[in-house]
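Below is one structure, written out as structure tokens, with a few remarks after it.
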Amino acid sequence: MITGGASGIGRALGVELAARGCEVVLADRQVELAELAAASIRDAGGKALAVELDVRDRAAFRRVAEEAKARAGRIDFLFNNAGIGVGAEIERCDPEDWDEVVDVNLRGVIHGVEAVYPLMVAQRSGHIVNTASMAGLVPEAGEAGYTATKHAVVGLTKALRVEARRHGVRASALCPGAIRTPILTGGRFGRIRLAGVSAERVAALWERTRPMAPDAFAQQALDAVLRDEPFIVVPRWWKSLWYLDRLSPSLSLRLWEVLFRRALIDLQG
Ligand SMILES: NC(=O)c1ccc[n+]([C@@H]2O[C@H](COP(=O)([O-])OP(=O)(O)OC[C@H]3O[C@@H](n4cnc5c(N)ncnc54)[C@H](O)[C@@H]3O)[C@@H](O)[C@H]2O)c1
């Protein structure tokens, strides 16, 4: 079961899981897009179903999880992947910016754990993969709400992993670097509102980090899931930023301050 399965990383995970023999449920707020993704998986000989789900709706998440379990007999993987980007300096964030990013990126993941973890505990197997981000490991500025939710997702996943082991259930935090998907400029439900900055300029800045294609990302990420890695950082080179943050948090803060200032200068021209 993959939330945010209609687009980007979620869609690519669905394609790759189906190619590896899984029956996949693509759950997304954009149900027509999820339907297209599921149809292309079925056309390639895989098993896929699209369902409408807003991860902010706790009861709906439970319903979708119970239907998936009834259909397939068990849920082997939950990819809590749906997310939105909200890019804005803190002084420019509206109450809605904070609420939406917390509701989707954090509460949405909590709702997934609430709905699926008990089913996995009962079946004594399963793997919950929560999509955090490099922003869950290092102080990415210019998107503080996003960074806060992703740090929270990493924390939740650490605790879940420790608790879940005695039930035979696994948990991992997926921490993508930059992957070429719509979220880099906010995504369908997110937004970039940095002062005087266009979406095109933001996209051009991300291009400098050489974003990875979602299908290549999905293959590497799934290999790491099967190895039961607790923290999955792809592309791998982003790990150096995480290592630096653990080695010297204060040096890492200085580095991110420099990167943020440079990014603002480049973005504002
Ligand atoms: N692309 C990157 O560089 C990158 C980097 C780090 C982390 N991530 C994370 O990866 C995940 C997937 O993002 P993506 O890059 O594929 O972006 P994307 O915009 O292509 O896909 C996000 C999907 O989530 C869905 N979604 C949004 N709000 C939802 C809601 N309330 N309920 C259900 N579905 C909802 C969207 O409809 C969309 O299909 C996100 O959690 C994102 O934060 C992405």
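The values are calculated or read from the model by the stated rules, or taken from the named source; none is laboratory data. Keep in mind that what you see is a predicted model, and the values were worked out from it rather than measured. Note that we place each Cβ from the backbone using ideal geometry, even for glycine, and neighbour counts take in every protein chain shown.
Could you please give the count of residues in region 191-233 that are at pLDDT below 95 and not in a strand (DSSP E or B)? First the steps, then the outcome.
So the first thing to find is which residues in region 191-233 are at pLDDT below 95, and the list is 191-210.
Now drop any that are not not in a strand (DSSP E or B), which leaves 193-210.
Looking only at that region, the number is 18.
Within region 7-41, count every residue that is away from the ligand (no atom under 14 Å from the Cβ), more than 21 Å from Val234 (Cβ to Cβ) and either of a type in the set (D, E, K, R) or not in a loop (DSSP other than H, G, I, E, B) (or both).
4
If Ala199 satisfies all but one of (1) farther than 21 Å from Gly145 by Cβ; (2) without any contact (Cβ under 8 Å) to a residue 40 or more places away in the chain, what's the number of the condition it fails?
Just one mismatch for Ala199, condition (1).
When residues of region 193-204 are filtered for being out of contact with any Lys or Arg (no Cβ under 9 Å at 6 or more places or on another chain) and either among the charged types (D, E, K, R) or buried (at least 17 other Cβ atoms within 10 Å of the Cβ) (or both), how many remain?
4
Quick one: in region 134-160, of everything that is closer than 24 Å to Ile75 by Cβ and touching a Pro at 6+ places or on another chain (Cβ under 9 Å), which residue is farthest from the ligand (Cβ to nearest atom)?
Lys158
Looking at (1) touching a residue at least 24 places away in the same chain (Cβ under 8 Å); (2) within 13 Å of the ligand (Cβ to nearest atom), which one does Ala216 not meet, given that it meets all the others?
Evaluating Ala216 over (1) touching a residue at least 24 places away in the same chain (Cβ under 8 Å); (2) within 13 Å of the ligand (Cβ to nearest atom) leaves (1) as the failure.
Name the residue, out of Asn80, Asn130, that is touching a Leu at 6+ places or on another chain (Cβ under 8 Å), closer than 20 Å to Val51 by Cβ and either of a type in the set (Ser, Thr, Tyr) or buried (at least 19 other Cβ atoms within 10 Å of the Cβ) (or both).
Working: Asn80 fails: touching a Leu at 6+ places or on another chain (Cβ under 8 Å).
Exactly one residue qualifies, and that residue is Asn130.
Can Gly87 be described as in a helix (DSSP H, G or I), within 14 Å of the ligand (Cβ to nearest atom) and on the phi < 0 side of the Ramachandran plot?
Numbers: in a helix (DSSP H, G or I): no; within 14 Å of the ligand (Cβ to nearest atom): yes; on the phi < 0 side of the Ramachandran plot: yes.
So Gly87 fails the test.
Taking the criterion of being at negative phi and small (Gly, Ala, Ser), would at least one residue in region 121-129 satisfy it? Show your work before the answer.
Going residue by residue through region 121-129, those that are at negative phi are 121-123, 125, 127-129.
Among the residues that remain, those that are also small (Gly, Ala, Ser) are: 122, 125.
Checked against the condition, which is being at negative phi and small (Gly, Ala, Ser), region 121-129 yields at least one hit.
Pro95 versus (1) under 29 Å from Ala203 (Cβ atoms); (2) away from the ligand (no atom under 16 Å from the Cβ); (3) crowded, with 17+ Cβ neighbours inside 10 Å: which is the lone unmet condition?
(3)
Enumerate the pairs (first residue in region 228-244 and in contact (Cβ under 8 Å) with a residue 12 or more places away in the chain and under 18 Å from Trp256 (Cα atoms); second residue anywhere and among the β-branched types (Val, Ile, Thr) and surrounded by fewer than 15 Cβ atoms within 10 Å (Cβ to Cβ)) with beta-carbon separation below 9 Å, excluding pairs fewer than 6 apart on the same chain, so at least 6 apart or on different chains.
Trp238/Thr209
Counting only residues that are of a type outside the set (Gly, Ala, Ser) and closer than 18 Å to Leu226 by Cα, which one in region 168-194 is farthest from the ligand (Cβ to nearest atom)?
Val169
Testing Asp57 on (1) within 11 Å of the ligand (Cβ to nearest atom); (2) over 13 Å from the mean Cα position of the chain (by Cα); (3) buried (at least 18 other Cβ atoms within 10 Å of the Cβ), one condition comes back false. Which one is that?
It is condition (3) that Asp57 fails.
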